Amino acid sequence: MELQPIAPASIRLFYEPQGTLRLTVADDRSYPVVKLYQAWPLSMPGRYLSFQDAKGDEITLIESAAELTAEAREVAEEELKRRYFTARVEAVVDIRTEFGVSYWRVRTDKGERDFVVQSLSESCIWLGEHHILIVDVDGNRFEIADRMALDTASRERLDCVL
Amino acid sequence: MPLAQNERVDEDASLAATTRTDRVNASDGEVLIRETADLVSEEGHRFGSREVCVSRTKVSVRDEHGVELLSVPIADIKTARTEPLVGGARLELTTTDGIVPVAEFTASVAARFSEMARGIEQLAKGEPLNIKWKQERTRCAQCDRLLPEKDGRCPACVKRAAVLRRILSYMGPYRKEALIVGVTTLLGTMASLAMPWFTKLIADEVLNADRPLTSAQGMPLLLLYVGGMFLSLALSSGLQMIKGWYVAFLSGNIAKDLRAHVYSSLERLQLTFFDKKQVGAITSRVTQDTDRIWGFLVEGVPYLVTATLMLLGTAVFGFFLNWKLTLAALAPVPVVGVAAVFFWKPMSILFHKVGQKWGRFHTHLNESVTGIRMVKAFAQEEGEFAKFHKRNSELADSGVAADRRWYLFSGGMMFFTGWGTLIAWIYGGHLVMVGEMTFGSLLAAQQLLWQVYGPLQWFAQVNQWFSRAMAGAERIFEVIDQQPEGYDRPEAVHLPEMRGDVTFENVRFGYDKSNPVLKDINLDVKAGEMIGLVGKSGAGKSTTVSLLCRFYEADAGVLKVDGVDIKDLSLQALRRHIGIVPQEPFLFNGTVAENIAYGKPGATAEEIMTAARAACAHDFITAKPDGYDTQVGEKGSKLSGGERQRVAIARAILHNPKILILDEATSSVDVDTEKKIQLATARLVAGRTTFAIAHRLSTLRNASRLVVLEKGQIVEVGTHAELMEKEGEFFKLVQTQQQTSQAIAVVG
């Protein structure tokens, strides 16, 4: 179970058969079923990508997708987009609180969405001074990477409830 | 008593909503399952909508405009599953061409797609369609807002009036006392209105500069009036004391009733409620939220009543004195009211923030004190102090901000309320000078005004009290209204005697409905058998036994005890016959004897000692200075690990269940204690149907059968000897354990 050093440039990444990610180390070995994970999805997204085989053992860890060849990088980024779906809030359109339940309408990088948060103080994860993750009643997560970077109106609405 | 929750979905109705295709006439194109996915994978994975339809012949996906994007014939489908992603999941079909992703969706609809996947697989295999397909309401019927809980109620639509009535209903049992409080308040208000009247009389009749009286003439009159003042003073003070006497009674008892109601509801809730929330959040409902309602009932309501009465009384009296002046002097009232409300909103936000900072401060404090061992072991005192300092400072800063705002607010209020006095002097002075009003009346008016404006400043606070009480009430009623565990169903079967036969039939369960932990468990256990559950961590061992205790209900399949579906058994009866010795025994803060007798209160000393002896605990207990009266401390901290285990075993022995669940501790103890624990365990399991999540070799060897679980399915069943011979999964597990664990002397 030791990490065998694999040169990132020698990694071939592709979908074969359709829908299954496969990794081949040039002229060496091939892993028919591979899963790609981010080791630090919240604090350092895109860095430290871990490739794991079907059993869950790590094949290799690369510092970032930039280390891969252009085609492997494309596939890796597509796979990351498939696996990780957290909406990043760009603007808070409306927050209404009624009896401890807050109704949010936000505009995110994935589109507009309405959601409900049962009790904000318990459903708010602070990842940093201004970095927040809000979890709605279904468990969906909405990330505010930097609440100071939001527009004034959004910031005010947020301040009212946080 | 409290109103019942509206629209609770009937359990039977959900069963009726199972989708079946035993209808011979179901045409090929007829859509059998339909659901909308809320994610779109094109254009970089965003929110959107894709409709997935499953018919007898194919699975198709349509976009928002109804254009068909994908169609997969059922005949080509081998398997269907939902692949969990971060922040959602994906429905995938395995066909002859490989994996075809069908749709992506967030956690909001994940469970439904999981059911759909099952349905697709059933159709693909040619089996009749049999899935749970309940149409849940996700939006409120009235206001169209998202519901916090599917099929639950909409907090926004709850009429404040209804909640208020419900809160006030807690005063019901104390109608007499509430009435007394009401009457005394009224009388007290009247008494305090009398004071200004006497002031007027003294000023106008005794001390009037226009009609001076000699001491001999004036004194008796003065004494009379002052006497009147004295009476009014005595009366209002006395009434205040009486009122206080009853208010104290009301407040204590209403709070008590509320807390009791919440606690008893809390105890009867299903475990899923506790799994979702932290202990602190739950206990705060019993303490803080009841406190808020109490605060409103005991401080808010009386204040409101008093202030309103005062205002009315003053207005009436004032009009009687001089309507013009009264009007003028009361003119600032609405201004003050509006200003108060205006100042209050940001004020309450600041207070809310202070509350939150307190919460964070407390959490950190609790944690670092509880984990002080770790702090010291890792030499992190500086680090912890840095964290503490940060939270401490945040708390202080928010407190400073709030307090400063408060003083500004108070000062501002004082300023505005002072206007009333100024107006009274100017206009009143003018009226006196033109002879429309006596000086005495003016003095009286000034006094009256003071009595009104004082309480008026806090008017805005009433709204605050009200909102917070409403919020607190909602959380409490949420607990009280939650569907409790089916404790007292009338048609439940009571098993006075239980043999202990247990059967699992096609049991499926997942804490997260879209991700089953147990898939299709079939097991038949006869009374008295000892079943050893073995498997890697996460295989589903603890979950299996949790289902047996009915801490959770199986998603599919049947669990039977003595041939009866456990859902039909009375919950109390079932649990009385089941005993648990958990991995980390939880002991209550009490004596050793109390802990051993927990399942059988009223056990005699002899019974307790017999159980302790059987558990090899009697010796160490009696050797302690306080013997069986020894206090075990919070969570049993005053006992060592091995001692706690044996007390837990004694507890189970005394409880004498027919079915025993034994979750063996993995931590190792010294050889002697180990031998004692093994002996105690052997005595415990004798004659009972035992489900042991086993780690010790001795337990495994003594088991009638071993059941090997892997990823939620039973892969091997047999005796220890049989499975070792087979050299299958079990053999591999044993090999790994032997390689990594230290040698423990084993009683062979």
When A:Thr24, B:Thr82 are ranked with the fewest other C-beta atoms within 10 Å first, the list becomes A:Thr24, B:Thr82
Each label sits 7 Å from Cα toward the beta-carbon; between B:Met414 and B:Met374 the label points are separated, in nm, by 4.9
Length gained if B:Glu136 through B:Lys324 is fully extended, taking 0.36 nm per residue and subtracting the Cα-Cα distance, is 61.4 nm
Heads up, the range B:539-584 by the C-alpha gyration tensor (a ≥ b ≥ c square roots of eigenvalues; a/c under 1.5 rounded, else a/b over b/c prolate, else oblate) looks oblate
For chain B, the longest principal axis of the Cα atoms and the Cα long axis of helix B:671-685 enclose an angle in degrees, to the nearest 10, of 90
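What range in chain A is the longest one free of GluC sites (Glu not before Pro) that are in a loop by DSSP and have at most 13 other Cβ atoms within 10 angstrom?
A:3-128
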Relative contact order of the range A:86-161 (C-alpha contacts under 8 Å, at least 6 apart) in percent is 29
Honestly the range B:147-206 on the Cα gyration tensor test (a ≥ b ≥ c root eigenvalues; a/c under 1.5 rounded, otherwise a/b vs b/c for prolate or oblate) is just oblate
Here the whole-number average of other chain Cβ atoms within 10 Å per Cβ of B:155-164 is 2
At 37 °C in a medium of viscosity 0.692 mPa s, the protein assembly as shown has a Stokes-Einstein diffusion coefficient, with Rh taken as the Kirkwood radius over alpha carbon pairs, in µm² per second, of 97
The alpha-carbon pair-distance distribution computed for chain B, with 20 angstrom bins and whole-percent values, is 12, 31, 31, 17, 8, 1, 0
Ordered by fewest other Cβ atoms within 10 Å, a rough proxy for footprinting exposure, B:Ile77, B:Ile423 read B:Ile423, B:Ile77
Whole-Å distance linking the alpha carbon centroid of the range B:482-542 with that of the range B:154-218 is 64
Listed by chain and number, the lysines with an alpha carbon less than 19 angstrom from that of A:Lys35, same-chain partners under 8 positions apart left out, are A:Lys55, A:Lys81, B:Lys711
Computed on Cα atoms, the radius of gyration and Dmax of the range B:603-707 in angstrom are 13.8, 44
Diffusion coefficient in µm²/s returned for the range B:373-529 by Stokes-Einstein, Kirkwood Rh over C-alpha pairs, 37 °C and 0.692 mPa s, is 130
Cα extents of the range B:171-311 per principal axis, largest first, Å, are 84, 25, 18
Taking only Cα atoms of the range A:86-161, the Rg to Rh ratio with Kirkwood Rh works out at 0.91
For the range B:367-451 the chymotrypsin sites (Phe, Trp or Tyr not before Pro) that pass both the DSSP coil test and the at-most-16 other-Cβ-within-10 Å test are B:Phe378
When all Cα-Cα pair distances of the range B:643-689 are considered, the percent exceeding 18 Å is 24
Expressed in angstrom and rounded, the centroid-to-centroid distance over alpha carbons for the range A:21-87 and the range B:75-116 is 21
Helix-only [θ] at 222 nm, the protein assembly as shown, -39500 (n - 2.57) per DSSP H run of 4+, per residue, nearest 500, equals -15000 deg cm²/dmol
With the 8 Å Cα cutoff and a minimum separation of six or more residues, chain A has a relative contact order in percent of 14
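Counting only pairs 8 or more residues apart or on different chains, how many lysine pairs in the range B:530-669 have their Cα atoms under 19 Å apart?
Details: B:Lys541/B:Lys560; B:Lys560/B:Lys658; B:Lys567/B:Lys658; B:Lys600/B:Lys658; B:Lys624/B:Lys635; B:Lys624/B:Lys638.
Counting lysine pairs in the range B:530-669 gives 6.
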Once normalised by the length of chain B, the mean sequence separation of its alpha carbon contacts under 8 Å that are 6 or more apart gives a contact order in percent of 10
Computed from the beta carbon distance with a Förster radius of 25 Å, FRET efficiency for B:Ala331 and B:Met433 to the nearest 0.05 stands at 0.75
Checking the range A:93-162 for chymotrypsin sites (Phe, Trp or Tyr not before Pro) in a loop per DSSP with at most 14 other beta-carbon atoms within 10 Å yields none
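What are the equivalent ellipsoid semi-axes of the range A:17-162, built from the alpha-carbon gyration tensor (square roots of five times its eigenvalues), in whole angstrom, biggest first?
So the equivalent ellipsoid measures 37, 15, 13 Å along its semi-axes.
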Counting only DSSP beta bridges with both partners in the protein assembly as shown, the antiparallel fraction in percent, to the nearest 5, comes to 80
The residues A:Met148, B:Met414, sorted from fewest to most surrounding Cβ atoms within 10 Å, come out as A:Met148, B:Met414
Mean 1/r over distinct Cα pairs of the range A:8-82, inverted to a Kirkwood Rh in Å, yields 12.2
Given Cβ charges of +1 for Lys and Arg and -1 for Asp and Glu, the option among B:Leu697, B:Pro173, B:Gly429 whose Cα lies farthest towards the positive end of the dipole of the protein assembly as shown is B:Gly429
For the protein assembly as shown, the charge dipole (Cβ of Lys, Arg +1; Cβ of Asp, Glu -1; about the Cα centre) points to a positive end, and the Cα of B:Val163, B:Leu271, A:Ala9 closest to that extreme belongs to B:Val163
Computed for the range A:8-82: size of charge dipole around the Cα centre, +1 on C-beta of each Lys and Arg, -1 on C-beta of each Asp and Glu, debye to nearest 20, value 200
Among chymotrypsin sites (Phe, Trp or Tyr not before Pro) in the range B:558-612, those in a DSSP loop whose Cβ has at most 13 other Cβ atoms within 10 Å are B:Phe586, B:Phe588
Within the range B:354-368, the residues whose backbone N lies under 18 Å from a label point placed 7 Å from the Cα of A:Asp159 along the Cα-to-Cβ direction are B:354-357
Taking a ≥ b ≥ c as the square roots of the Cα gyration tensor eigenvalues, with a/c under 1.5 meaning rounded and otherwise prolate when a/b beats b/c or oblate if not, the range B:248-346 comes out prolate
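Every number here is computed from the coordinates shown, using simple stated rules; none is lab data. All figures in this text were calculated on a predicted structure; none of them were measured in a lab. For neighbour counting, all protein chains shown are included, and Cβ atoms are generated from backbone atoms with ideal geometry for every residue, glycine included.
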